[in-house]
Amino acid sequence: MVIVTTIRREVLTLPAAELGPDNPLPPLRPLDEVHRADDRDRDHDLPRDLARGLGHAPLRSLLPVRIRDGYGRTRAPRDLTALVLENDRLRATVLPGLGGRLVSLFHKPTGRELLYRNPVFQPADFALNGAWFSGGIEWNIGATGHTTLACAPLHAARVPAPDGGEMLRLWEWERLRDLPFQIDLWLPAGADFLHVGVRVRNPHEHPTPTYWWSNTAVPEDRRVLVPATAAWHFGHERRLRRVPVPDHDGIDRTRPLNSPYAADYFYDLTDDGRRWIAALDDEGHGLVQTSTDVLRGRKLFVWGHRDGGRRWQEWLTEPGTGGYCEIQSGLARTQLEHVSLDAESEVTWLEVYGPLDTDPRGPWDTAVAAAEARLETVLPRADVEAAHAAWTAHADTAPVEILATGSGWGALEVLRADWKLPGTPFPASTLGEDQEPWLVLLRTGHLPEPRRVSPPGGTLVAPHWRELLETAPATPLTEYHLGVAQWHAGDRAQAVRSWERALRLAPSRWPALRCLAVADREGGNRERAADRYTEAFDGLCRERRDDGEPWTAATAALGREAIDALLAAGRTAAARSVWDRLHPVTRERGRFRLIEARLLLAEGRRPEARAVFDAGFEVADLREGAETLGLLWSSLDDGPLPARYDFRMRPPEPA
């Protein structure tokens with residue numbers, strides 16, 4: 001008897017760190033994004049389509065999204081809402097409140113977990129906007145890198161599946177590119193394979209750059225098989241070069257533990273071949289992922305076996321947990337590219353995940369051919385195409401039961417443009433406090449003043465919202481938000497003028513002063529930037545009403561920027577004054593312990609700076625690829641970087 005697919009809610013209890021508050025300051029400075037090739041590679045030795053993709057619509061700003069850097073590393077048991085999709089063969093567990101992450105895919109007949117399942121929830125600074133966590137399958141949309149939705153809630157609902165069973169639908173409004181998307185997951189009756197239908201829509205009257213990569217974490221003691229004999233290698237040196245597969249430099253790079261340093265391998269698949277990638281242990285068991293041809297790219301990410309890669313693996317989970325690598329699939333050949341989605345159009349594809357049993361050992365061509373033959377036996381390519389065609393007929397089906405609620409941003413955009421998006425409702429009931437002032441602006445043409453004194457809310461920066469701000473009454477708050485939107489659009493001179501107008505009548509001057517300070521730093525005027533940061537921080541300290549979360553977060557964020565600007569201008573006494581006025585709880589955070597060591601060194605107090613390292617600290621929001629710890633240590637000690645601070649992801653520079 002075949003068991004009908006079911007969807008149910010569960011509570012998943014994990015040791016988990018708190019996400020904490022978002023950074024309340026608009027992210028005006030350029031992105032420090034690791035997924036960006038050296039400009040030298042764009043001009044030489046690349047196929048024309050790849051070079052064109054590398055230069056197509058790179059993300060210049062994180063606006064309107066905020067930075068998520070308020071998390072720590074103290075973990076305690078916490079309950080997470082999970083949605084479980086199950087038939088008699090597979091059990092899939094999804095976390096709708098954390099980007100819809102598929103954290104487990106369990107094959108019941110063999111008792112095997114097919115994914116790398118992280119036993120903890122520990123955010124780290126890997127997403128475009130900060131907080132991200134490792135494990136499972138993540139759905140990356142927006143721009144090159146880990147999605148800003150990695151730790152954000154998605155809408156979720158129960159929907160009829162193509163075969164008459166149940167389907168789990170996830171959907172949201174991606175804010176970097178202003179695109180709605182949906183992810184439909186279902187298990188056909190008696191199937192060993194999870195089906196995932198994805199649709200990205202462009203409701204706008206203009207083409208929009210688009211990005212998608214599905215990243216699957218699997219245990220790293222595997223061999224990765226893929227139908228390719230060459231790949232584009234990209235490491236933290238940010239150079240893109242073509243290498244043979246499986247071996248280059250005398251090493252089989254399809255075994256993740258063989259690589260010394262963290263690296264991406266973007267496989268060069270043939271145009272007419274089947275799209276698939278598998279990770280198998282030496283007994284011939286593991287996971288395979290395949291898709292319709294629209295999802296053209298396949299990639300392997302490895303951490304490497306050197307100290308830095310091992311340290312990152314420990315950082316992202318708890319001691320004693322095995323390491324992982326990632327097999328990935330995307331719309332473009334590499335993760336350094338964007339593709340264009342035509343005006344008022346959509347793109348859809350089907351992904352399939354499940355067990356594969358075949359021997360990965362031996363000569364490359366033999367192992368790959370055997371794996372592809374086995375895949376064709378258990379899941380014919382034609383069946384995947386047919387399943388995609390059947391699903392697209394159900395993609396507009398209305399949800400039967402809402403299981404989780406995402407943000408209200410989609411509802412605001414639907415109200416603004418009166419868009420019809422069947423299958424993915426964004427009802428007005430999801431509008432919340434964050435959307436309220438923008439809803440008033442939309443309906444009245446006036447941006448309301450806040451009901452209480454607090455750090456300003458986020459800014460909407462898309463052209464249609466900027467136009468509404470330009471025609472609204474020129475209050476200080478409107479001028480502040482208009483300046484942020486103009487800055488995002490690249491009109492920096494006009495942004496500065498808007499912020500200067502905001503200063504003249506603003507009861508709260510520090511937000512505009514901070515924006516002007518950023519503009520000064522970007523323009524190379526260190527001294528004026530230092531002056532404005534000093535004035536902004538002084539103003540915030542006079543204005544803050546209490547030690548609650550919003551004001552503590554604002555003080556920490558502005559204090560961090562101010563100290564950095566003051567040290568860059570050589571004003572150590574002023575930087576110390578800012579440090580002394582930070583909240584005690586802020587000064588104890590690892591990020592600020594690092595800032596303290598830098599401040600002490602600038603003051604000439606080298607032994608005290610070294611003592612900060614000796615006492616030990618953990619920078620919870622250490623950025624992927626950051627070398628800050630090593631650089632500061634080298635200013636304090638000629639000896640090797642202690643292992644606890646070694647997060648280096650690339651080989652040393654040649655002497």
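Listing for the model above:
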item	result
Scope the stretch 1-35; condition modelled with pLDDT under 65 and touching a Gly at 6+ places or on another chain (Cβ under 9 Å); matching residues	Val2, Ile3, Glu33, Val34, His35
Output for the stretch 375-408, where each listed residue is surrounded by 15 or more Cβ atoms within 10 Å (Cβ to Cβ) and hydroxyl-bearing (Ser, Thr, Tyr)	Thr392, Thr397, Thr405, Ser407
Enumeration of residues in the stretch 614-632 that are within 26 Å of Asn23 (Cβ to Cβ) and either in a helix (DSSP H, G or I) or of a type in the set (Val, Ile, Thr) (or both)	Val619, Thr628, Leu629, Gly630, Leu631, Leu632
Selection status of Glu372, surrounded by 17 or more Cβ atoms within 10 Å (Cβ to Cβ), in contact with a strand residue (DSSP E or B) (Cβ under 6 Å, 6 or more places away or on another chain), charged (D, E, K, R) and not in a loop (DSSP other than H, G, I, E, B)	no
Answer from Asn202, Asn215 - the residue that is surrounded by fewer than 24 Cβ atoms within 10 Å (Cβ to Cβ) and either closer than 17 Å to Ala263 by Cα or outside the structural domain of Leu269 (by TED's automatic domain parsing) (or both)	Asn215
Unique match (being among the basic types (Lys, Arg) and either within 28 Å of the chain's Cα centre (by Cα) or over 23 Å from Glu603 (Cβ atoms) (or both)) among Arg571, Arg542	Arg542
Residue pairs meeting the criteria (Cβ under 6 Å; at least 6 apart or on separate chains; first within 16 Å of Gly458 (Cβ to Cβ), in the stretch 419-435; second not in a loop (DSSP other than H, G, I, E, B))	Leu431/Ala411; Gln435/Leu412
Count of residues meeting criterion [of a type in the set (Ser, Thr, Tyr) and closer than 13 Å to Leu225 by Cα] in the stretch 235-277	3
Residue match in the stretch 356-364 (condition: part of a helix (DSSP H, G or I), over 21 Å from the mean Cα position of the chain (by Cα) and not polar (S, T, N, Q))	yes
The stretch 618-631 - residue that is surrounded by fewer than 19 Cβ atoms within 10 Å (Cβ to Cβ) and in contact with a helix residue (DSSP H, G or I) (Cβ under 8 Å, 6 or more places away or on another chain) and, of those, modelled with the highest pLDDT	Glu618
Residue under evaluation Asn87, criteria (1) surrounded by 24 or more Cβ atoms within 10 Å (Cβ to Cβ); (2) more than 24 Å from Ile327 (Cα to Cα), criterion not met	(1)
Unmet criterion (only one of (1) assigned to a helix (DSSP H, G or I); (2) under 30 Å from Leu59 (Cβ atoms)) for Arg542	(2)
Exclusive hit being touching a residue at least 40 places away in the same chain (Cβ under 8 Å) and more than 29 Å from Val200 (Cβ to Cβ), set Pro455, Pro450	Pro455
Selection status of Thr478, polar (S, T, N, Q) and either part of a loop (DSSP other than H, G, I, E, B) or at positive phi (or both)	no
Any chance Thr397 is in a loop (DSSP other than H, G, I, E, B), within 26 Å of Ala189 (Cβ to Cβ) and hydroxyl-bearing (Ser, Thr, Tyr)	yes
Pairs, first under 21 Å from Ile595 (Cα atoms) in the stretch 543-565, second surrounded by fewer than 23 Cβ atoms within 10 Å (Cβ to Cβ) and aliphatic (A, V, I, L, M), C-beta under 6 Å, six or more apart	Ala557/Leu25
Some residue of the stretch 302-322 being part of a strand (DSSP E or B) and within 20 Å of Ile137 (Cα to Cα)	yes
Flag for Val103 being modelled with pLDDT of 95 or more and either outside any loop (DSSP other than H, G, I, E, B) or basic (Lys, Arg) (or both)	yes
Any chance Arg112 is free of Cβ contacts under 8 Å to residues at least 40 places away in the same chain and of a type in the set (D, E, K, R)	no
Some residue of the stretch 469-479 being touching a Gly at 6+ places or on another chain (Cβ under 8 Å) and either over 23 Å from Leu415 (Cα atoms) or surrounded by 21 or more Cβ atoms within 10 Å (Cβ to Cβ) (or both)	no
Per-region count, the stretch 312-331, residues at pLDDT below 95 and in contact with a Lys or Arg (Cβ under 9 Å, 6 or more places away or on another chain)	1
Selection count, the stretch 194-248, where residues are of a type outside the set (Gly, Ala, Ser) and more than 25 Å from Trp364 (Cβ to Cβ)	21
Condition check for Asp546: surrounded by fewer than 16 Cβ atoms within 10 Å (Cβ to Cβ) and either modelled with pLDDT under 95 or on the phi < 0 side of the Ramachandran plot (or both)	yes
Flag for Thr334 being in contact (Cβ under 8 Å) with a residue 40 or more places away in the chain and assigned to a loop (DSSP other than H, G, I, E, B)	yes
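Residue-wise test of (1) buried (at least 24 other Cβ atoms within 10 Å of the Cβ); (2) under 23 Å from the mean Cα position of the chain (by Cα); (3) touching a residue at least 40 places away in the same chain (Cβ under 8 Å).
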residue	(1), (2), (3)
Asp264	no, yes, yes
Thr270	no, no, yes
Asp307	no, no, yes
Glu314	no, yes, no
Gly323	no, yes, yes
Val339	no, yes, yes
Ala343	no, no, yes
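Okay, residues lined up against (1) in contact with a helix residue (DSSP H, G or I) (Cβ under 7 Å, 6 or more places away or on another chain); (2) outside the structural domain of Gln335 (by TED's automatic domain parsing); (3) of a type outside the set (S, T, N, Q); (4) surrounded by 23 or more Cβ atoms within 10 Å (Cβ to Cβ):
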site	(1), (2), (3), (4)
Pro109	no, no, yes, no
Arg112	no, no, yes, no
Tyr116	no, no, yes, yes
Phe121	no, no, yes, yes
Asn140	no, no, no, yes
Leu149	no, no, yes, yes
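The values are calculated or read from the model by the stated rules, or taken from the named source; none is laboratory data. As the structure is a prediction and not an experimental result, all values here were calculated from the model. Positions of Cβ are backbone-derived with ideal geometry, glycine not excepted, and every protein chain shown enters the neighbour counts.
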